Amino acid sequence: MAAPTTETLLERCREGDELAWEALVRRYQGRVFAVSVQYLRDREEARDTAQDVFVQIYRKLGAVRDDRAFLAWVLRLTRNRCLDRLRRLGARRSDREVPVEEAAEIADPAPGPEDRGLGGDRRRLLDRALGRLSTQSREMIVLKEMQEMRVGEIADLLDLPVGTVKSRCHRARLELAETVRKLDPSRPAEAGGAS
Amino acid sequence: MICRDFERRLEDWVDGRLASADGAACDRHLAECPRCRELAALAGGPDRGASRVPEPPPDLAPEILARTSGAACERARERLAPLVDPSEDGPLPEAERAVLELHLEACADCRALRAELVALGEDLPRLAELDPGPGFVEGVLARTSHRRAAAARLAERLRRLGDRLGSGLLPRLVRRPRFAWEAAYVAVLLLTPLIASAGSPDAAAQAVERLGRAGGATVASAVRGVTEGTAERAGSVGAAAGTELRTFGTRFASSLQRGGDERPAGPDHPDAPKEDAP
């Protein structure tokens, strides 16, 4: 039997179906948490913020205008919540390089739903490299490369011109690739993704 | 064939790519033209270009570029991202792609960068979701279910209150003239000193104190009357609520009266205690 669509779950949530709400939480918890981790660079803070996001989603279910754009709306809420938290914690936290010891803590050693084939070493390397990026570049990577949002959606979210988002995405991608190579110059030129 | 025709065919003639008819025409021209023979000798002759041209030093091209257009890697990197991910703007135009591939053949750094970009394109989406750990979903459900239960309880209480008000209790209270007059009287007495002494807390306190002494009895009587009347009419709501209201009114009135009678005398009062002399 096919899993219910997000639109179906949302409709049932609005009717008070608590099982539908649980299913919705389980479906999106990974994404909300992943985005929170990248903004906040701290698993505990990210977990608290992710829970706050879901409480906010719950209160605003009736305000969702387009169920098909639910993920974009969720990512917007998550981003705003993370930025609020960062402002309270102090902006410096987001720009610091995460020490190697903490990178292992932030990078989830347990495979996520789409993690098959991504080795722990590779995951930790990517997380270290992400920690070295500027906040702006990391945000582009999170939204475009990880969450696979369209450039137009990102432009709407960040209230930026599409051209600006494109060029920032390109620069962020190059910056991340160059950072990964600097952190692990032993990687062969034609190596694949898994390690 | 004239010299210009030979010059256009020179590279293919050197690399042996000319069709046999063209090659024969070039050979005939070379037999008659010393200038073109010299040119052919410089190019290395037919079918021998690569084997007779000495290998240039590996840094020759970068040095030339540094003195002319600048390093090519920066430009190559601008094209690498769309080469690897054509999803937004479509693939690179063929000519740009071909030129970029030539650079990549010669530049190990850019080749490695391209390989890393390809790997990132595969790996980063796999980081889209992270496991928040045990108990996360339960925590969310507890917070949202609690809200739902609390909202339901509040809605029920409001519904019951609305039923009671709608039964006519409030309209009856409002329509009784004695209640309305007494409530207005108490409100004026309580608000007047506050309004008159706006911005001056000391003056407000003194005004209330004078009110308490001079009008405490009157106010007490009025408050008692209001609360008594309300308590009687609230009998249908609940005897306990009416009793509580009555008790409150009595205590409030008594405290107002005591405020006028029992306050310690001020320093100018004849009975006020005197400080010890040094």
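Some observations on this one:
- Contacts under 7 angstrom Cβ, first residue in segment A:18-37 being touching a residue at least 40 places away in the same chain (Cβ under 8 Å), partner outside any helix (DSSP H, G or I) and among the polar types (S, T, N, Q), 6 or more apart: A:Arg31/A:Gln147; A:Val35/A:Gln147
- Only residues that are within 9 Å of chain B (Cβ to nearest Cβ), within 17 Å of A:Ala34 (Cβ to Cβ) and either hydrophobic (A, V, I, L, M, F, W, C) or open to solvent by 20 Å² or more (accessible area, probe 1.4 Å) (or both) were counted across segment A:146-168, and they come to 2.
- Single match in A:Arg124, A:Arg181 (criterion: at pLDDT below 95, open to solvent by 30 Å² or more (accessible area, probe 1.4 Å), assigned to a helix (DSSP H, G or I) and within 10 Å of chain B (Cβ to nearest Cβ)): A:Arg181
- Restricting attention to segment B:86-120, the residues that are under 24 Å from A:Glu139 (Cα atoms), open to solvent by less than 40 Å² (accessible area, probe 1.4 Å) and facing chain A (nearest Cβ under 9 Å) add up to 6.
- Members of segment A:42-71 found to be under 21 Å from A:Met149 (Cα atoms), of a type in the set (D, E, K, R) and in contact (Cβ under 8 Å) with a residue 24 or more places away in the chain, listed by number: A:Asp67, A:Arg68
- So B:Ala142, is it within 27 Å of the chain's Cα centre (by Cα) and more than 8 Å from every other protein chain (Cβ to nearest Cβ): yes
The values are calculated or read from the model by the stated rules, or taken from the named source; none is laboratory data. Just so it is clear, the model here is predicted, and its values are computed rather than measured. No Cβ is skipped: glycine too gets one built from the backbone with ideal geometry, and neighbour counts run over all protein chains shown. Remember, those area values only see protein heavy atoms, side chains included, never the ligands or the DNA or RNA. Shrake-Rupley method; radii C 1.70, N 1.55, O 1.52, S 1.80 Å.
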